[in-house]
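What follows is a single structure, written as structure tokens, with notes after it.
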Amino acid sequence: MSEKLFEVLSDENQKENKILYLTFMETLAEEIKNDLNGLDPNNILTCQTYNEFIKSSFKNAYNYYKDEKYNLENNRIEKLKNFEYFYLWFIQSPKIPTQNIQKEFTYLKQKGINKRKEISNNDRDAASIVYLFFRSFEESLDYTSFEGSEKLKAFKETFKVEKDLSDSILEIIFNYCKFYEKHLKDHNFFDDNIAASILCKLFEQNEEEHFIEKYDAIIVDEIQDLTKTQIRSLLKIVKDHKFYGFGDDNQSINPSLIHLRDIEGIIRDEYGPSIKCNKDVSYLTDVLRSSKRVVEYINLLNKIRPAVIGKGKATQDQELHSLVPDDTKNEKAKLDKPAYLFDYDSFKNMLANEDLFINNEIGIIAPSFQSKKELIDSFKFNREQDLYSIEEIKGREKKIIILYKFFSSSKDVWKQIANTYSLPDQRKLYSTLKRRFFNRYYVGLTRAKEKIIIFEDSDLDESIKNCFLRNKDCTLEYISDIDSLNEYFSNDFTHDQWRNKAEKYFKLKDYQEAFNYMSNAVKSYKQNENIDQNLLDKYQEEKERYEIYANYKKFLENDGCEGFDKDKVNQIIDLLIKEDEINDLEETIYKKHQKEKYKLLELINNNENYNALKQYEKVKNNLTETEKNYFCNKLLDCYSKIIQEKMGGYKYGR
């Protein structure tokens, strides 16, 4: 999006225009501001979130109408409340008296909702669906009141499309909505939808009074996350109908019931039935970001979704096609498949491996702010710049995406979805809540350019595993332990990078990690088209050296030769001799329980040369060729020093 906006800003024909760019995500707006910093000399672009737009509009309105003709308060914007405020109200609100229907709607928990100490993801799921219905019905009432028996009837009629919600469930949701509306009015609070409605009325009543300058064009990104009223408020301040919206129904995660198909109707309601909407580029199914194997898994989700909750509209559930070149060699195919793991230690090891995060190419996504906090606390993860909630990752992309407990954190809903998929006669009961869960997972998947890793609790229900992780239409790679996790990452760095990491771990005396990384360096180099055999041989030698050192460390940890064959121990001794590691060699021979050989080494180290020569004669038949050469050279060195000393020192040694 930054590149497209830069093209607009560089167009000489646009320099007199004023353009408003809006997105729902604060982080995305900030990124675009930073990307375009200094590239807008004519100051034609205003880049904001919708909430920023609301706040600045109210501030302008108050400054313009100082006589308070429209009863605008100076502190009004401070009373603007969003979903996070509703969520806090929801989990602390008194239990609404109603029949216990927990079995019927398990994700709307009633038990213990008042002042609980621990808040689960189920509470947030319940809050989001109630808030969605609140905003949607509030909009249909034109922001009047929920009071009156006829309103409950209208509420049930509006949401009768929700096939998995009974009348009793809808009544519970309605009661929450009614109580929240009363709470807002009692405190003179309002939400962003009511704010948009107020702005619409101000714009309609004051066509000639411009407390907000109209824009020559408005561009809205993530338009699926706005409501009907919010879109109307924008249509009223754009010149010549130059309104451009970009969105994806499958990425709608904000509480809203709007679909892209509804936007044309909103525009016609605002501008009249004769207005023509340009739909030359309506539905984009070509993917420029994600690799073929990532898109294959996304398409599995697009296949499961309509089977569970019914076929979506024209903009939903379509098969996607990756336009990213598929130049992956056959031997790497396994390493590019989406993968999943349940092993806690492997996941912890991955989070602790700072080398993986060094290029800022990995993003870890949690399904909610609650899950994000849980990850930080459970794993002591301190790289928060690489960790996102699903709301924060919108508009971003990463080479590798790690999804954290998307299924485990809301297992009741996903279990229902998985069981429904396996029973054809129970399919196609439309559910806004279930679609929102699909959408949040879909957003997470579509952030990945090359790889996806899914981490879940090991006790995840088998129906969920079979539906989303082991589905015959797109089987994922199973990562069982740390070694297979290292292998999965093995083609994400160049051979030089792998070698540098190996050297780093060798210096830290973590010989096993050094060997693992050097193995990856060899694998990576072998995949090059033009191979220098001398360099490959050098890499192989380094790999073998690190392997021997790794075996040496295991040898010491095992207190000697138990579990080690003779050749492997001799390899260790030969390498220590070659690198003249006397102390390590002494310890190895000692632990090998070769007392006579150990005695020889001890005599040499103590410069007991005559006794050392006698001991050498005693053990030479049990020495390997490498050991013979080593001990002979040591003895020669010792006697050479004695001779030199007898001759008066080194100055006569020429």
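Annotations for the structure displayed:
- Selected residue (criterion: nearest to residue 390 (Cα to Cα)) from residues of the stretch 241-263 that are touching a strand residue (DSSP E or B) at 6+ places or on another chain (Cβ under 7 Å) and open to solvent by less than 60 Å² (accessible area, probe 1.4 Å): 245
- Evaluating residue 434 against the criteria (1) surrounded by 18 or more Cβ atoms within 10 Å (Cβ to Cβ); (2) within 18 Å of residue 371 (Cβ to Cβ) leaves one unmet condition, (2).
- Single unsatisfied condition, residue 450 versus (1) more than 20 Å from the chain's Cα centre (by Cα); (2) open to solvent by 70 Å² or more (accessible area, probe 1.4 Å); (3) closer than 25 Å to residue 250 by Cα: (1)
- Subset tally (residues that are at pLDDT below 65, surrounded by 13 or more Cβ atoms within 10 Å (Cβ to Cβ) and not hydroxyl-bearing (Ser, Thr, Tyr)) for the stretch 44-91: 3
- Evaluation of residue 229 against (1) closer than 15 Å to residue 80 by Cβ; (2) in contact with a Lys or Arg (Cβ under 7 Å, 6 or more places away or on another chain) (one fails), failing number: (2)
- For the stretch 499-521, a tally of residues being in a helix (DSSP H, G or I) and surrounded by fewer than 18 Cβ atoms within 10 Å (Cβ to Cβ) returns 5.
- Filtered residue count, the stretch 444-473, keeping only those that are outside any strand (DSSP E or B) and more than 16 Å from residue 300 (Cβ to Cβ): 8
- Leading residue by the ranking (least open to solvent (accessible area, probe 1.4 Å)) among those in the stretch 141-178 that are of a type in the set (D, E, K, R) and under 22 Å from residue 227 (Cα atoms): 162
- Taken as a whole, the stretch 551-559 holds no residue that is modelled with pLDDT under 75 and within 36 Å of the chain's Cα centre (by Cα).
- Taken together, the residues in the stretch 341-370 that are open to solvent by 30 Å² or more (accessible area, probe 1.4 Å), assigned to a helix (DSSP H, G or I) and hydrophobic (A, V, I, L, M, F, W, C) amount to 2.
- Output for the stretch 373-416, where each listed residue is on the phi > 0 side of the Ramachandran plot and in contact with a strand residue (DSSP E or B) (Cβ under 9 Å, 6 or more places away or on another chain): 395, 405
- Residue 204 being more than 24 Å from residue 431 (Cβ to Cβ), at pLDDT 85 or above, open to solvent by 10 Å² or more (accessible area, probe 1.4 Å) and in a helix (DSSP H, G or I): no
- Failed item, numbered, when residue 384 is tested on (1) surrounded by 14 or more Cβ atoms within 10 Å (Cβ to Cβ); (2) closer than 25 Å to residue 23 by Cβ: (1)
- Every condition in (1) over 22 Å from residue 252 (Cα atoms); (2) at pLDDT 75 or above holds for residue 161 except the one numbered (1).
- Take the conditions (1) open to solvent by less than 40 Å² (accessible area, probe 1.4 Å); (2) under 33 Å from the mean Cα position of the chain (by Cα); residue 238 misses just one of them, which is (2).
- Filter result for residue 267 (of a type in the set (A, V, I, L, M), assigned to a loop (DSSP other than H, G, I, E, B) and out of contact with any Gly (no Cβ under 8 Å at 6 or more places or on another chain)): no
- Flag if residue 373 is assigned to a helix (DSSP H, G or I), under 20 Å from residue 483 (Cα atoms) and among the basic types (Lys, Arg): no
- Candidate set from the stretch 474-491 (those that are among the β-branched types (Val, Ile, Thr) and not in a loop (DSSP other than H, G, I, E, B)); member that is farthest from the chain's Cα centre (by Cα): 482
- Residues considered: 496, 459, 483. Of these, the only one that is modelled with pLDDT under 80 and open to solvent by 70 Å² or more (accessible area, probe 1.4 Å) is 483.
- Only one of the numbered conditions (1) modelled with pLDDT of 65 or more; (2) more than 30 Å from residue 162 (Cβ to Cβ); (3) in a loop (DSSP other than H, G, I, E, B); (4) open to solvent by less than 100 Å² (accessible area, probe 1.4 Å) is violated by residue 318, and that is (2).
The values are calculated or read from the model by the stated rules, or taken from the named source; none is laboratory data. A quick note: this is a predicted structure, and the numbers were derived from the prediction, not measured. Every residue, glycine as well, gets a Cβ built from its backbone with ideal geometry; the counts of neighbours run over all protein chains shown. Please note that ligands, DNA and RNA were not included when accessible areas were found on the heavy atoms of the full protein model with its side chains. Shrake-Rupley method; radii C 1.70, N 1.55, O 1.52, S 1.80 Å.
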